[in-house]
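Note sheet for the following structure.
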């Protein structure tokens, strides 16, 4: 699995998470340190464009980078502080960017969060919920009044609505 990692500062939890991912055989691209909104945008865009399968972000609290990453369409960044929250974010919310606090996450906790990052097979309710999020993103994007971008976004919104409707109609 390809991971992109970004942070606005250094920290033991960051080092522990990167080490754990690399020891597990994952391809890990650690970006240069940058201001939290900028590094969050770079990680989020890498995930949204498919340059990375998953993203990992760190800042002092984790809150700012999560908020900034979630501004990128297609990104579902989740702030996690323990392994159960991290697993639930991936399993039930299809989080593709995990965010942690540099100052409050213990290295052992960061390592544990990445002991098993095998691909998650989602159940029907999760697929439908993530489809609803994608539809909301597309509709919001369609309201942007900027010529060709708005036309393309409206077309995307229609396609998302059609595919979400098809998933929603599937038997449980």
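Laboratory data are not the source of any read-out in this text; all were calculated from the coordinates shown. These figures come from a predicted structure and were not determined experimentally. For neighbour counting, all protein chains shown are included, and Cβ atoms are generated from backbone atoms with ideal geometry for every residue, glycine included.
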Residues of region 60-85 satisfying the condition of being assigned to a helix (DSSP H, G or I) and touching a helix residue (DSSP H, G or I) at 6+ places or on another chain (Cβ under 6 Å): 64, 65, 68, 69, 83
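Residues are listed down the side, and each one gets a yes or a no for (1) part of a loop (DSSP other than H, G, I, E, B); (2) touching a helix residue (DSSP H, G or I) at 6+ places or on another chain (Cβ under 6 Å):
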| residue | (1), (2) |
| --- | --- |
| 4 | no, yes |
| 18 | no, no |
| 21 | no, no |
| 25 | yes, no |
| 40 | no, yes |
| 47 | no, no |
| 52 | yes, yes |
| 58 | no, yes |
